[in-house]
Structure formats: C-alpha cells, structure tokens
Amino acid sequence: MRFRSKSQPRGILSGKEQRRLTLLVLGIGIVLIGFNTIGRTGFWAGIFPNQPAVDSAVNRDSVPGLGPDEFVVGGSVSSSRQAADPDKWLDAAAARRFESSQAQSDSESRIPADLSGSIRDDVIGVHSTESDAYYVALRVAEKLPRSESKEATPASYALFMDAPEMCRGRIWRITGEIRRIENVQSAANAFGVNSLYDVWLSTPDSGNQLVHLIASSVDQRIAAALSRGQQSIPVEAAGVYFKREGYRRAGDDGSGDIGLTPLLLCGRVRYLTPQVAVATRAEELTPWLGWFAATLGAGVLLILWRFSASDRIFRTTRTHQLTALPVRPGFAGVEAQSVSDSLRKMEQEHTDD
C-alpha cells in the first residue's frame, strides 16, 4: 500500500511561516529606518523645543581630604580699587622705563635676558636681586591684551615643575579654583605698582599641590563670591611664568616643611562662570530606546521559539515518519571475517565436494 502525504516537502516554507518571515524582515527594516530618522538633529528639535539644563555645580560646605599645604577659601577682598583703571595705579615714568627694557626681550621670553639671569629657582620667595625681573614680568602680564590672553598656551603643572627654565618668561593661561587670596599691597611702590594680590590655586592637573599667583587686580565677582561664603570659586588668568618657588608649609606631621610651587605673575584674575552640564537629547532618549530594543529582542526570540516548537511538533507526526528515508546507515548484522578464515572455509568446502 502506498501513502502520499499532502504536506509540502521539507525545505519549503508554508504560507504561515512565510508570512512570519516577511513580518520579521519588515520589522528589522522599520527599526533601521527609525534609527536613521532619530539620528538627525531636526527630528529632536521638533520633539524637544525647550531643552532643560541640569546644574552640575557642586556646593561643598566642607572640603575633606585637604593636604597639609592646602587652604580653604576665607576672608574677603576689598573691591574699592578693583573698578579703577589699572593704568592709573602705575607711575608713568616707571612704566615707560620698564616698557623700554621690555623691548630688548626676544620672541620666546617676555623678560629681558639681562634680567632673567638673576632669577633663581627653588628659593623661598622673591629675592631682592630678582626685583627688577619680577616687576618687569608683572608689568608685561598687566598690559597683556585680552585677545592674547585667550590664545595663550594652557598651563601644565608638571611642565612648570620639571622644566622651569624652558617655561620662564612665556605667557601661560591657567584655570583653577581659589584656595586662598589676600591683598598684600595697597600702596604704590618704587616700581609704580599700586596693588598686588597673593592668590593660591588648585588646578585640575596639580592634584593636592598648589599654584602660586601674584596678580595686580582681581575680578569684582570674586569678592562677591567670597562675601557669600562660596567655597568653590573657579577663576582664570593669563600671566608670565617667573620661577619655581620655595615656600613654607605645615608638612605631613605638622612640624613644618619646605615645598615647591610654580610662581606666575598675572594681570587680572577673572571669575570663571561655572560650567553647566546640559543633558543631551540622546541621553534623554536612552531609556526609551532601551525599552524599544528590549521589546524588539523579545519579539525576535518569540518568533524563533515558535519556529523551533513548530519543527518539534512536525517531527512527531505520521507525515514526517512517512517522508523520512527508509534506510539509515549502520553496521548492524555485518560480520567481519579474516583472510585465513575465508581460505580455510573455501578449502573445507572443496574437500567436502
């Protein structure tokens, strides 16, 4: 008796399976088109017309982990002279004298060569023999144009400490947070400088070490921030690198120690507006994309599971048994016989005949 199955031969998908595969391909295509569309800026501009801003400024009421040579901002800065024109603070004759000496400097260093030789690194403070070079560098930093200040080379703490001779006399742009500030001079001296501020900064690359600035003026907003008790005051300044200076600090055991810090002479220390972290549209949409991807993955897994379950069910049907090959390779019933046994058997049969 012969049986003929009404099912399609294996390897040919049924109409139901073909529809499932078509839907799967269309779904993947729609997902790719969607990703291409949402990747354009104009798409998000229409969905989110007003972008909320997230303030990332940190209000530190206390500063844990301070090193022995670090200071917490305190006190106040008098702002009575800050609004005045810096040109009025300097003696005109002294200014002309130092500007004429500045003309002797080369393109790399703003300090004249005959004055830079008197500068000594790794000594505490500024020695009297360095005063001429000190006030020349301060005059250069004070008269530095704002455009040149913005284009100055960013400061590097490691470079300042490792190669002071290479950095000396060049203009650098430095940013950091004020750790200590003090008005150390409020009257004109013999060099025509009328006001000086002693500023200690902590820069992003200085770790627990400090950078020393001597500035001729400070921004009024710094005084306002100090009066409010603000602990973190970001500032920016451009100045001339003077030397690697030694200073006294408390030390690890509090018994006193000598530390080293780069000394820069600056014109005006400006208040740096804290950076505000803005959440991008991509970050806002990340949860939605995550749920969409999870749903799509679950749908694909469900379709694959249905294919596997349908195949298992088909293997148990009579149709699968009838369409399977009747012969399966195997060695059941096969006997192995050596050549000597075969010859002996042939000899025995010949003898019987």
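Coordinate-derived values only; no laboratory data. Since this is a predicted model, take the numbers as computed values, not measurements. Note: ideal-geometry Cβ built from the backbone for every residue, glycine included; neighbour counts use all protein chains shown.
Some notes on this structure:
- Extending 7 Å from the Cα toward the beta-carbon at both LYS150 and SER342 defines two label points whose distance is 10.0 nm.
- Summarising the label geometry, the points placed 7 Å from Cα in the beta-carbon direction at SER308 and ALA187 lie 9.1 nm from one another.
- Using 0.36 nm per residue and subtracting the Cα-Cα separation, the extra length available between ARG120 and SER232 on full extension is 37.0 nm.
- Separation in nanometres of the label points that stand 7 Å from Cα toward Cβ, at ALA324 and MET161: 7.8 nm
- Counted residue by residue at 0.36 nm each, then reduced by the alpha carbon distance between them, the extension gain from TRP291 to THR129 reaches 51.2 nm.
- Whole-Å distance, taken between Cα centres, linking the range 218-259 and the range 133-211: 11 Å
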